[in-house]
Amino acid sequence: MDLPADLNALSPEQLRALAAQLMAQVEDRDREIQEKTREVDERERELHYRQTRIDQLTHEIS
């Protein structure tokens with residue numbers, strides 16, 4: 001998105017449209033961040049589970 005060089009040159013309607021566009025972008029980014037956070041959390045749980053299994057098996061062998 002190209003921002004105008006001078007926001008003061010925009011009409012009130014243009015400012016509202018720009019604000020709406022920016023708010024929509026923020027919402028999209030927030031959703032992306034939430035999804036990535038869920039993915040990272042899921043992978044961390046899986047890694048923790050696998051490490052726990054490895055530790056258990058290593059303990060059983062020794």
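Overview of values
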item	result
Dipole axis of the chain (+1 Lys, Arg; -1 Asp, Glu on Cβ), positive-most option in I54, S11, A24	I54
Rg to Rh, two decimals, where the chain supplies the alpha carbon set and Rh follows Kirkwood	1.52
Cα-centred dipole magnitude for the range 1-57, charges only on beta-carbon of K, R (+1) and D, E (-1), debye, nearest 20	240
On Cα atoms only, tilt of 12-61 relative to the major axis of the chain in degrees	0
Separation in nanometres of the label points that stand 7 Å from Cα toward Cβ, at S11 and E27	2.5
Helix-derived mean residue ellipticity, 222 nm - over the chain, DSSP H n ≥ 4, -39500 (n - 2.57), to 500	-30000 deg cm²/dmol
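Read-outs: derived from the displayed coordinates by stated rules, not from any lab. Predicted model, so just to flag it, every value in this text is computed and none were measured. Here Cβ is always computed from backbone atoms with ideal geometry, including for glycine, and neighbour counts include all displayed protein chains.
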